[in-house]
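Just below is one structure, and these are the notes that go with it.
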Amino acid sequence: MTATVRFAPSPTGQIHIGNARTALFNALYARQRGGSFVLRLDDTDVARSREEYAEGIIRDLDWLGIVPDRIERQSKRFALYDEAAERLKKAGLLYPCYETPDELERRRARRRARGLPPVYDRSALKLSDAERAALEAEGRKPHWRFLLPNFETDPFETTRAEITWDDLCRGEQSVDLASLSDPVLLREDGTYLYTLPSIVDDIDFAMTHVIRGEDHVANTAVQIAIFKALGATPPVFGHHNLLTTASGEGLSKRSGALSIAALREAGYEPMTVASLAVLIGTSDAVEPMADLDALAAQFDLSHVSRAPARFDPADLDALNAHLLRDMPADKVADRLAALGVPGETAPAFWEAVSGNLAKFADVEAWWRIVDSEVVPVIEAEDRDFILEAAKHLPPEPWDGETWKAWTAEVKAATGRKGKGLFMPLRKALTGLDHGPELARLLPLIGRRNTLARLA
Ligand code: GLU
C-alpha cells in the first residue's frame, strides 16, 4: 500500500526537534513507499498564526531535506469545514450547547461527588426550541458538540462502544466511547477547534496514514467516530513517543532553544539533527545517517519505544563529528570551494581534516593553517632541533610518505624520538599541539610554507 501522509503544525512558533521528529517520521514513511507528503499548516487560529512562522517551517523542513509534495493552509478552507459542520448538524450529530465554563465545572464536580465519571450529561439535547430561543434571546451563543455514537436509541442511555485501531507504533488500541464527553467542535464565537478541520482535510486530501505524537492518542477514538459520521474510512494511525528535554520536560514551540532554526544556526549538519530526531527513543542504534534515503532504510515505526525519549543536545556534538568524519569529499565540494579551497586540493584536504571537526565551520581554521597564516610555536629549548629538522626537509614532490621519511631522518640526526620529536614539529607547523595527522597535512602545507614556519 502506498502512503499519503501529512505533517500538520500550527504556524504559531518555530518548530523544534520534537516536531521535526513527527515531520521526518511522515516523510520517511512516504519515502519508503513511494508515497506523498503533505505539509498542512493548521492556521485556523488566525490570531496566533503568522506567515513568518509558516515560512520558517517550510525553510526548516527544506533544510532537513523534506520538500512537501503539497502545501495547504487551513485558513483557506473554512468553507469546507462549514459545509461538514452543516452536514453533521442536519444529521443531528452536532448539537448546540449553552452552558458556560463555570456551569460545566460545577456539573462535573457534582458528578465526581456522586462517584460518576465527569462526562458531559448531554443536558443540552433536552432543550426545547422555545428554551433555546430564550437562551439566545438572553444573548447566549451556543458551542457545538458532536454526538458520540455510544448509545442504541436513547442518548441518555449510553452503552459500551469500543473503538479499536491497530496503531503503527502502539499496537492494538481500544477506547470505550461511553467514557468520553461529546467533544466540542465549534466554540461559541464560531471558531473551530482543531478536530473537525483536521478530519475534513484528512478526508479531502485522502490521507492513508496519520502519524503523530502520542499526545493525540486520546483524541483518536473520537476522531475515528467523526470520520465515520462523515461517511469516510478512517486512516491508519500511528502515535509515536514524545521527546523531552534532558531534564524530562516537554518541548514547547515557545521555548525556542531546541528549535530547528537554532540548531541550524549552531552549525549542526541537517543529517545530524535528522538522524538523532528519528533514531532517539527507538530500539535502533543512534548513528549518523548519510542522507534521508539511508535513514529511510533504517527507520521502522514499530521500533519506536513506548517511553518518552530524552533529548540531550550534547548528543548532537558527538554525532555531528562522526557524520563529518564519515562524509565523502564530494558532498562538501561546494562548501570547501566557497572557503577558497582549490578543487584539486579539496579531496586530500578533506581527508586530512574531516576527523578533527566538531562543526563544519571548524574547517576554515584548518584551511588557514594549511594555506597561510600560522604563527609557529617554537619553545626555546626546541629552537636548534627545529633548525636541524629544516635542513633535512626533502625536495618536492611530496606525498603521504614524506612525513615518515623526513622524521626518520630528523630522528637519526637529532636522536629525538616519540613526542619529543613530533610535538615540536607539530607546534611549529600548525601553531597548535593537536590536530590532524601531519603525514596528511604536510603535503598540503607544501615545502615553501613548511620552511617558512621552521625558520
Ligand atoms: N495541528 C495539530 C498539532 O500540531 C495536528 C495534529 C495531528 O497531526 O492530527 O498538534
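Converting the Cα gyration tensor eigenvalues of the chain into ellipsoid dimensions via √(5λ) gives semi-axes, longest first, of 65, 19, 19 Å. In sequence order, the range 392-400 has phi-based couplings of 8, 4, x, x, 6, x, 9, 9, x Hz under the Karplus curve 6.51 cos²θ - 1.76 cosθ + 1.60, θ = phi - 60°, and Gly or Pro positions carry x.
Site pair S302 and A380 shows an inter-label distance of 7.2 nm when each label is modelled 7 Å from Cα along Cα→Cβ. Modelled label positions at M1 and A314, each set 7 Å beyond Cα in the direction of Cβ, lie 4.3 nm from each other. Note on Q173 and E136: their simple-model spin labels are 3.7 nm apart, each label 7 Å out from Cα toward Cβ. For the peptides 244-252, 314-322, the ranking by packing is 314-322, 244-252, with the highest mean count of neighbouring Cβ atoms within 10 Å listed first. For H240, what residues show an amide H to amide H distance below 5 Å, using hydrogens built from the backbone and excluding near sequence neighbours? Answer set, sorted by chain and number: R212, G213, E214.
For the range 112-194, the gyration tensor built on C-alpha atoms gives a prolate shape. Its axis ratio a/c (a ≥ b ≥ c) is at least 1.5, and a/b is the larger of a/b and b/c. Applying a length cut-off of 15 Å (Cα extent along the axis) and a mean Kyte-Doolittle floor of 0.5 to the DSSP H helices of the chain leaves 217-229.
Legend: calculated FRET efficiency, A109 to S372, from the Cβ-Cβ distance at R0 = 56 Å, rounded to 0.05, equals 0.15. Separation of the range 1-73 and the range 89-122, taken as the distance between their Cα centroids, equals 35 angstrom.
For a Förster distance of 41 Å, can you work out the FRET efficiency between the beta-carbons of L80 and A266, rounded to the nearest 0.05? Here the calculated transfer efficiency is 0.50. Extension gain, E351 to K391, is 11.6 nm, computed as 0.36 nm per intervening residue step minus the present C-alpha separation. What residues from the range 141-174 fall in the zone where the backbone N is under 16 Å from a label point 7 Å along the Cα-to-C-beta line of K126? Those under the cut-off are 154-158.
Can you tell me the FRET efficiency between N219 and A455 if r is taken as the Cβ-Cβ distance and R0 is 60 Å, rounded to the nearest 0.05?
Step by step, r from the Cβ atoms, then E = 0.25.
Can you list the trypsin sites (Lys or Arg not before Pro) in the range 237-295 that are in a DSSP coil and have 12 or fewer other beta carbons within 10 angstrom? When the trypsin sites (Lys or Arg not before Pro) of the range 237-295 are filtered for loop state and at most 12 Cβ neighbours within 10 Å, R254 remain. For the chain, the residue among T233, P308, W350 whose Cα projects farthest onto the positive side of the dipole built from Cβ charges is P308.
Each Lys and Arg contributes +1 and each Asp and Glu -1, all at the Cβ; summed about the Cα centre of the range 33-106, the dipole is approximately 420 debye. Here's how it looks for F311: its modeled amide H is under 5 Å from those of T244, T245, A246, which are all 5 or more places away or on a different chain. Applying the Karplus relation 6.51 cos²θ - 1.76 cosθ + 1.60 with θ = phi - 60° to the range 207-213 yields 3J(HN,Hα) values of 5, 8, 9, 10, 10, 7, x Hz, where x marks Gly and Pro.
We did not get these values from a lab; they are worked out from the coordinates using the rules stated. Keep in mind it's a predicted model, so treat the numbers as computed, not measured. Virtual Cβ from ideal backbone geometry, glycine too; neighbours counted across all protein chains shown.
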